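Nothing in this text is a laboratory measurement; each read-out follows from the coordinates by a stated rule. Model, not experiment: these values are computed from the prediction. Every residue, glycine as well, gets a Cβ built from its backbone with ideal geometry; the counts of neighbours run over all protein chains shown.
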Amino acid sequence: MRDELNALVLAGVKRATTGLLDEYTEEDESLEHVGERLALLDNEGLAVATLEITGVEVTAFGEVTWEHAAAEGEGDADLDAWRAVHRRFWSGEGTPVENGTLVVCLAFRVTDGPAVVSSSA
């Protein structure tokens, strides 16, 4: 799946991603911030691009906008389809998601320049 998502990022189709806020807490990680640069990694852990964070929003899963969902660029037909796919994914990972579950919506762009090694998108 990483290869497919990376290809969407590199093609400029994927410009956003969404994560569970609880995962940041569990991993004792800080939220990204606007202007932060992250390395986009391939399956071998090698950097394939540098991403610059252009937006960070914590919101309830049920409040994620179509604008953000569409910017994920994964071909969802509408917001209901996007929600269904994400619920299935996170449930498969052992985390059921309700409308009130807090998520982190990140927007980014591919850029040049140094990056901190991370597996963000």
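The relative contact order of the chain comes to 41 percent, based on Cα pairs under 8 Å that sit 6 or more residues apart.
Between Asp78 and Ser30, the FRET efficiency estimated from the beta carbon spacing at R0 = 41 angstrom works out to 0.80. Note on Asp3 and Leu46: the extension gain reaches 14.3 nm, defined as 0.36 nm multiplied by sequence separation minus the Cα-Cα distance. As a rough footprinting exposure proxy, the listed residues Trp66, Trp82 were ranked by other beta carbons within 10 Å of their own, and the order from fewest upward is Trp66, Trp82. Give the label of the value calculated from the structure for Cα Rg over 2.2 N^0.38 Å, choosing from [x] 2.06; [y] 1.02; [z] 1.13. Of the labelled values, this structure produces [y]. Here the 3J(HN,Hα) profile of region 94-109, calculated from phi with Karplus coefficients 6.51, -1.76 and 1.60 at θ = phi - 60°, is x, 10, x, 10, 10, 4, x, 4, 7, 10, 10, 9, 10, 10, 8, 9 Hz, Gly and Pro shown as x. Angle of helix 79-92 to the longest C-alpha principal axis of the chain, folded into 0 to 90 degrees and rounded to 10: 80°.
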